[in-house]
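I have a structure I would like to understand better, so I am pasting it below and will then ask my questions one at a time.
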Amino acid sequence: MEALDIPAAGREADVTVRRPWTASASETRAGLLFVAPYLAVFCLLLVYPLLSGIWLSLHKADLFGGSRFVGAENYVRLLHDDIFRQAVWNTCNFVILTVPALTVAGLALALALNTSSRWSAVLRGLFFSSSVLSVTIVTLVWRMVLIPDGGLVANLLALLHLPAIPFLSDARLALPAVAITTIWWCIGLPMMLFLAALQQVPKDLYEAAALDNAGWWRTLRRITLPSIRRTALVVVVIEVILQFQLFGQAQIMTLGGPNNASLPIVLFIYQIGFQRWDIGYAAAASEILFCIILVAAMAQFLASRGREDG
Amino acid sequence: MRRILALFALVATVLAAGCQRESSGPVELTLQRFFGACDAEYGGSVDVSAAEGECGIITTLVNRFNAQNRDIHVKVNVVYWPGYDQLSAELAAGDPPDLVTMHQSVISDYSQRGLIAPLDAGLRSVGVDPAGFTPAARAGVMRGGRVYALPFDNWAMLWHVNLNLFRTAGLVRDGKPLMPHNPEELLAQARQFTHATGKPYLIQSMVNEPSAYARNLFTFLLQQDAGFFADPRHIKLQTPQAHRILQLFKQLYDEGLTTKNQDYTAATAAFLNGQGGVYLVGTWMIGAFDQAARQPGSPLAGGYAVVPYPQLYPARDATYADGHSWVVPTAQRSPQKTRAIFRLLRFLKDNDFAWSRTGHLPAYSAVIASARWRALPHRGDIAKLVDTAAPLAPGVQRQFLIQQIISEEMESAITGQKPIDTALADAERRVNDVLFNLL
């Protein structure tokens, strides 16, 4: 290929290195003033409560005052607390049940509805509509579906002369029942995020693939999925963080039972803090939950970055 | 700068005007209660005698008080049952309501921390004498010789009986249901009932139920004089007496003599639809079931009876009981507001008969002794609760949480998820851990 003849001036212009930006004192002050409101609110609402929570977790403290420093005693108690260990297991299990399902189902729905027809617009609204409902409504609806005494599933099974399934009172089924409810409730956000990402994929890539006679599966693997991988990461990280905070569904549908089979960490924290008034212990459990979420989200992030670097 | 000063002046003027208006108007009291919300039906009603059910009667009572006392306005805040998590949060935030419904079993939690005010002097000032409380109500609201609440009622779990099905099973004599006198008789009657009717003998709310199992356990432990709370900081559940009770309920479950997998709503509907013989639920359902029994065509039509828990063990005739009461959270209040609170308490005391139409036992001896209370349906059948109702010792704190823990573990044992002895050991350990870690 013939080299382009670039004028000398142009070459000079290209190699000119811009001086690093240096701010004057007044510019620095203006910059700090500019970010000060955000920093103040950030420190007040996030940094201070975080540090305060850590400090509280090192105390034997009551909801109505009175506390003494006990060091790591609350953490040691938690490690020996069977109910807390079960809550941690339940929560991780719940995340495993819901996050992959939400990601895959969200992507599948987005792929199916990524068209400009009127029906797809209606269906997008329909699938997203569950997300705007409150947890109370969602759990009421699903209790009516799942209860073995006159629930929708029980009635359908009765038509087939099959016995009702005790979704909410069987220790093996309670957590999956809460997970199904949650997937139905939360599917809207991943779907919308994936839809937004799909609409950013350049059309000419698909046209090129079509010209190369690439099939649907090949186009999905080679063009669509690589193009939306950052969104997929965002969806997974958001959902991991959200689902680790399971509370309302378990509180209303099962009260964490039976036999603590569906007790999540946040419900455990709530019970310890507000029913036992033992807020030092509850704060310690909260810090452990914070660490679990942080590790899980960072692991996702780092694993994804590693693949990109590779 | 001038603009900012002007803005401050404007805001200050508006606030001052607002304060002035408030002080010249009626005294506003915030009343926080459970018992549900029914404003659509009773929001404008002041006819207490026409109201039905807990929600209807309490809503109408407050409406009536507001109508009769124009210088006071009671603002009602309805909380999800039982509402103590919300109350605790409000107290911790320093923003409590003026008057709150509280179970008598919960009073110790708050009184020992000085979170609710003793009411002796205030009640005396409006002519309410604690000597008029029933013994059960007095024991329920007094702590350390001081009155911490105005009692509203006492309640207990009862055996609500479908007499029509009992007749089919041959378990009615002289128009009264036959009650078992020991666990063996209970099992025999339950089998007889199920054999004759094809339906379970017991209807129980078992799903999402934080306290029913524990109340059954307490009742039958009391009947065995088991002394399971000899010390308010330690429970003892790894005993033959507790094992016997769990074994009995497990056997009823295993043999299909009880309903399974029903929550409160489903269990209530099952009883109303005639799907079982005995529904284990509290005094508050008497009115609703009696009403159903008056409806022609209802499965309960002409066939509803209600009795206290049968005495299955010989040591003592006792039923675990609790009660509803009104407490005043500790806060700075004006004398005007304090006087208004006690006028409202006096009004509630004066209307205890109206409240007792819910089915709960009145908290005042004079009401129980009155002919009009005795004339209410089924009250004669449950009147012996006045003597047999037995709460836990008042020093036992966190009773609601304790009930929840015990119920969880009992459910595990009865439904076969844990051996009985393991469940009892776990319940004992968990409850004692709660009590050991109280500050």
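As a check on your grasp of the helix formula, calculate [θ] at 222 nm for chain B: sum -39500 (n - 2.57) over DSSP H runs of n ≥ 4, divide by the residue count, round to the nearest 500. Walk me through the numbers before you get to the answer.
Working: 21 runs with 206 residues, N = 439.
The helix contribution divided over chain B gives -13500 deg cm²/dmol.
Among the aspartates and glutamates, which fall within straight-line cross-link reach of B:K349, defined as a Cα-Cα distance under 16 Å, with same-chain neighbours fewer than 8 residues apart omitted?
B:E54, B:D120, B:D129, B:D153
Roughly how many whole Å is it from the C-alpha centroid of region A:175-237 to that of region B:347-386?
Value for the Cα centre distance between the two parts: 66 Å.
Give me the percent relative contact order of region A:238-289, please, defined on Cα pairs under 8 angstrom at least 6 residues apart. Spell out each step's value before the answer.
Details: 39 pairs, mean separation 14.1, N = 52.
Once normalised by length, the contact order is 27 percent.
Quantify, in whole percent, the carbon and sulfur part of the accessible surface of region B:306-366 (1.4 Å probe; protein heavy atoms only).
On the way: 1040 of 2000 Å².
Result for region B:306-366: 52 percent of the exposed heavy-atom area is carbon or sulfur.
Just the number, please: Stokes-Einstein D of the protein assembly as shown in µm²/s, Kirkwood Rh from C-alpha pairs, 25 °C, 0.890 mPa s. Provide the component values of the computation, followed by the final result.
On the way: Rh = 30.2 Å.
The estimated diffusion coefficient comes to 81 µm²/s.
So, one more: For the cross-link pairs B:K260/B:K418; B:K176/B:K384; B:K75/B:K337; B:K250/B:K384, which exceed 19 Å when the distance is taken from alpha carbon to alpha carbon? Don't skip to the answer; put the middle values down first.
On the way: B:K260/B:K418 17 Å; B:K176/B:K384 16 Å; B:K75/B:K337 13 Å; B:K250/B:K384 29 Å.
The pairs that break the limit, which is 19 Å between Cα atoms, are B:K250/B:K384.
For the B and A pair, go ahead and give the buried accessible area with a 1.4 Å probe, both sides summed, in Å² to 100. Can you show the working numbers first?
On the way: alone 19140 and 19410 Å², together 35800 Å².
In total, chains B and A hide about 2700 Å² from solvent.
Quick one: compute the contact order of chain B, relative version, from alpha carbon pairs under 8 angstrom and 6+ residues apart, as a percent.
Working: 760 pairs, mean separation 108.6, N = 439.
This gives 25 percent for chain B.
The values are calculated or read from the model by the stated rules, or taken from the named source; none is laboratory data. Only a predicted model underlies this, so the values are computations on that prediction, with no experimental measurement involved. Side chains are part of the model used for accessible areas, which takes the heavy atoms of the whole protein and leaves out ligands, DNA and RNA. Shrake-Rupley method; radii C 1.70, N 1.55, O 1.52, S 1.80 Å.
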